[in-house]
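First the structure, in the form of structure tokens, and then the observations on it.
All of the numbers you see were taken from the coordinates with simple rules; none came from a lab. On a predicted model such as this, the values are computed, not experimentally measured, just so you know. Cβ placement follows ideal geometry from the backbone for every residue including glycine, while neighbour counts extend to all protein chains displayed.
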Amino acid sequence: MAAAGSPPAGPPGVPPAGSRLGVHPAVRAGTSRPPHAAPPPHAAPPPSGSGAAGWGAPGTVPPHQAAARHPASPPARADLTGHVPLPPVSVPLAPPAEHGAGTGTATLAVLLIGPAGAGKTTVARHWAQRRRVPTAHISLDDVREWVCSGFADPQSGWNEHSEAQYRLARRTCGFAARNFLANGISCIVDDAVFPDRPVVGLGGWKRHVGPGLLPVVLLPGLEIVLERNAERSGNRRLSDEEVAAIHGRMAGWYGSGLPIIDNSTYDVETTARVLDDVLARAIASPPTW
């Protein structure tokens, strides 16, 4: 029988009437909270990475219990882009069809380098559209301009914000390239990589895409890039001083060991064909970089 003045007892497991749900009955105003009781012997230890001290500390969960709680994931479906594990990329994955046939059906990743006005984007798209196997074109400038509000336009001055957005765009392009390659689709990325910044330039692309990336430099004469830049509009058009400065820095690629195409006298079709021939030679004898 309940003591006089105490609330009537209810069914087992149901808190007494008037009590606060989920509050230990010994916790009252002006009293201390009772110490936590040790978990029963059958209770599993807290999962690694929980909100306790020592997140992810090794040895907190026995291997057999971890395997039981985290069973192996089902095999990834190869037909779902974005759900394919990205392995270390080592391209090309297939040889050219035959000698003298360009890159043929090879699956490969290309980095087309050049100054503003060299025709990188136009040539890269033309080459990708005319291959006999699925090939994607990824333009770094296009990805940079995915940022709408808050876009850090380099024309307003190169600063920490434009540098951060540039690095973000490169990582995004690198992931996209790896995803295409993991799904059997070749890709060509175009970017104005400077030879005097190897860590953030070629080194960055090598880290993001993989060691099999094939870089090619597109470097026409200064008068050509000035003419092509004058035909641009919007934030893609730079001042003549900026174009000349960028072109001058690109001269450092001479002597680097990378293949260089001077497309000063070539149209887009011819440049794309020369690019394919250069890539075929690079497949047979990859450049050291």
Gyration tensor verdict on region 148-232 (Cα atoms; rounded if a/c is under 1.5, prolate if a/b is larger than b/c, oblate otherwise): oblate
Amide H contacts under 5 Å for residue 221, placed H, 5+ residues apart: 264
Point-charge dipole on Cβ atoms (K/R +1, D/E -1) for region 168-260, about Cα centre, debye to 20: 560
Residue-count net charge about residue 147 - beta-carbon cut-off 12 Å; Lys, Arg +1, Asp, Glu -1: -3
